[in-house]
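Here the structure is laid out as structure tokens; the discussion comes afterwards.
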Amino acid sequence: HVDRPEVAEKAPEGVRVLEALAASGLRSVRFAKELRGVAKVTANDWSRQAVESIERNVKHNKVEELVEPHNGDAAMLMYGHKRPGSRYHVIDLDPYGSPTPFLDAAVQAVEDGGLLCVTATDMAVLCGNSPETCYTKYGAVSLKTKSCHEFALRILLQCLESHANRYGRYIEPLLSLSIDFYCRVFVRVQTSQLKCKQSTSKLGQVYQCVGCESLAFQPLGRSAPHKDGNNLKFSLPIGPPVDSKCRSCGFGHHMGGPIWLADRKSVV
């Protein structure tokens, strides 16, 4: 139990937050007690037993006016809030394992310019222990590299961008973290068909030498300023970026991806 600060009062015109997989509701309670400008926090869980725990914790911490416990399927709840005006300003996805079953709904249910926080705890898959499983979950082939945790983050960002692009939306990474057995990313979701066209130049395949482990990157597309100076011109890339044998050691290459090739943090 933590004493609730006075600044954490309900703000009717404030931020709407969804913790889609809340379990005990600890994070939702912290949102209510530690953040300013919150209108409502929805703490959802599929388990009725978990929601009963949320209700007890909400009452114990005296945040009933801010935190709304909800028992239901996370994806269906988000699908029900994909219309403009009913979307959430912040959606937090922190499942056990892969977040991919919830991403299609999440990228539609977050407000324009809103924050999507996503955790993936299946780092073994993302770090190359099972490339075929990684493809089925994230749409990318993982590689075992010395930079496997960086690779894992970039696979997750690529997966988020892919889901968002289907609805004319794109992501702006703000913060990407790899900690112990999980990775967590914070991205802003925006809407723009033009920006979506630039996604192919942000994503690409990776060639890894099986000898010296050097890496080379092949973007899926290219974009360059048009001669009129106001627009972008899109084209297919020229490749591959490597020969059949590594120029440094003579070994062949493994190919993985696609991964996020752009910056992992947004330039504002």
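Remarks
- When only alpha carbons of the stretch 39-93 are considered, Rg and Dmax amount to 11.8, 34 Å.
- Note on the stretch 7-121: the alpha carbon radius of gyration divided by the globular reference 2.2 N^0.38 Å gives 0.98.
- DSSP-defined beta bridges in the stretch 85-183 - what % are antiparallel, rounded to 5: 40
- Alpha-carbon Rg with Dmax, taken over the stretch 90-246, Å: 16.5, 50
- Ordering of 60-66, 85-91, 11-17 by packing [mean C-beta count within 10 Å, highest first]: 85-91, 60-66, 11-17
- Under the criterion of Cα pairs below 8 Å and six or more residues apart, the relative contact order for the stretch 57-191 equals 22 percent.
- Residue pairs, from the table Lys195/Lys227; Lys10/Lys62; Lys33/Lys59; Lys144/Lys197; Lys10/Lys59, whose Cα atoms sit over 21 Å apart: Lys144/Lys197
- DSSP-defined beta bridges in the chain - what % are antiparallel, rounded to 5: 65
- GNM flexibility winner over the chain from Pro219, Pro101, Pro173 (Cα, springs under 10 Å): Pro101
- Dimensions of the stretch 176-268 based on its C-alpha atoms, expressed as ranges along the principal axes with the largest first, amount to 44, 41, 17 Å.
- A Gaussian network model of the chain, with springs between Cα atoms under 10 Å, assigns the largest mean-square fluctuation among His163, His70, His254 to His254.
- Binning the alpha carbon pair distances of the chain at 10 angstrom intervals from zero yields the distribution 7, 26, 31, 21, 10, 5, 1, expressed in whole percent.
- Simple rule: put +1 on each Lys or Arg Cβ and -1 on each Asp or Glu Cβ in the chain, find the dipole, and look at Tyr79, Ser130, Leu220; the Cα lying farthest toward the positive end is Leu220.
- The portion of the accessible surface of the chain made up by carbon and sulfur, rounded to a whole percent, is 54 (1.4 Å probe; DNA, RNA and ligands excluded).
- Take the chain with all the other protein chains still there, run a 1.4 Å probe, and you get 52 Å² of accessible area per residue.
- Coil-residue trypsin sites (Lys or Arg not before Pro) of the stretch 149-232, DSSP, other Cβ within 10 Å capped at 10: Lys227
The values are calculated or read from the model by the stated rules, or taken from the named source; none is laboratory data. Since the structure is predicted, the reported quantities are computational estimates derived from the model, not experimental observations. All Cβ positions, glycine included, derive from the backbone under ideal geometry; neighbour counts span all protein chains shown. The protein model used for the area step is the full one, side chains on, heavy atoms only, and it has no ligands, DNA or RNA in it. Shrake-Rupley method; radii C 1.70, N 1.55, O 1.52, S 1.80 Å.
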